[in-house]
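Each reported figure results from applying straightforward, stated rules to the coordinates on display, with no laboratory input. Not measured: the values here are computed from a predicted model. Reconstructed Cβ throughout: ideal geometry from the backbone, glycine too, with neighbour counts over all protein chains shown.
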Amino acid sequence: MSRPIPVEVVPSHVHLSESHHRILFGDGHMGTVRHELSQTGQFAYEETVDVVGADGESVTLRVLGPHRKSTQVELTPTEARLLGIDAPLAKSGDLATAGPCTIRTAHATIDAAATVIVPKCHLHLSDTEAASLRLTNGATVRVDVVGDATRVIENVVVRVHPTYRARLHIHSDVARDLWLHSGSHIRVRDIQR
């Protein structure tokens, strides 16, 4: 079993492509960095957008940076149901079956096909951390929540990059179901086949 790894409950958010950022906020708009995130080189902007579902319901989400190749909206299952969006449980960047939405700012509105997912629980690790745990990028693991009660999270996707810091990222529905919060800890139990 691994050393304890911190849990971060990640709020729902939006990653914008450079072209969508330009449309939604105007040419030349750079975005204002609100704060750095735990993963090196990633940050939250001051800017927010409204994500609108087919029935007109909306949620306001913060934009994270830097820009992505493709726009991606990450919601909880509860939010997806509220908006009437069929959002698959998927790995970040896997938009093959992602749901559609409308993204709106005071400046512009875009119809964004294949952008909405519910992110799978995922474990960020640096190359060194992954090697010490004998894990590779894309592996699926089971993790144990550190604490009095036995709680196991299955089907956690391992994401490895030289700049990553060891963190388990979950959305708020998972946190609520398992009584977890940012600052909780997990240990890697084993690799799932």
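Based on the Cα coordinates of the chain, what is the per residue volume of their convex hull in Å³? Intermediate values should be presented prior to the final figure.
Details: hull volume 22.1 nm³, N = 193.
Per-residue hull volume (Cα only) is 115 Å³.
Once the convex hull of the C-alpha atoms of the stretch 72-123 is built, how many Å³ does it hold per residue, rounded to a whole number?
Details: hull volume 4.3 nm³, N = 52.
Dividing the Cα hull volume of the stretch 72-123 by its residue count gives 83 Å³.
What relative contact order, as a whole-number percentage, does the chain give when Cα pairs under 8 Å and 6 or more residues apart are counted?
Working: 454 pairs, mean separation 53.0, N = 193.
RCO, the chain: 27 percent.
Dipole of the chain (Lys/Arg Cβ +1, Asp/Glu Cβ -1, origin at the Cα centre): which of Val59, Val141, Val9 lies farthest to the positive side?
Val141
Taking the Cβ of Tyr164 as the center, what net charge do the other residues with Cβ under 10 Å away carry, scoring Lys and Arg +1 and Asp and Glu -1? Numbers along the way, then the final one.
Values: positive: Arg159, Arg165, Arg167; negative: Asp127, Glu129.
Surrounding charge for Tyr164 is +1.
Just Leu64, Leu89, Leu133 to compare: in a GNM of the chain, with alpha carbon springs under 10 Å, which one fluctuates most?
Leu133
Taking every pair of Cα atoms in the stretch 107-175, average 1/r, invert it to obtain the Kirkwood radius, and report Rg/Rh to two decimals. Before the final figure, lay out each step's value.
Values: Rg = 15.4 Å, Rh = 13.9 Å.
Rg/Rh: 1.10.
Once the stretch 12-119 is represented by equal point scatterers at the alpha-carbon sites, with solvent omitted, what log10 I(q)/I(0) does the Debye formula produce at q = 0.11, 0.19, 0.20 Å⁻¹?
-0.30, -0.92, -1.02
When the dipole is taken about the Cα centre of the stretch 121-191, and only Lys, Arg (+1) and Asp, Glu (-1) are charged at their Cβ, what size is it in debye, to the nearest 20? Walk me through the numbers before you get to the answer.
Working: 9 positive and 8 negative charges, 23 e Å.
Using Cβ point charges on Lys, Arg, Asp and Glu, the stretch 121-191 gives about 120 debye.
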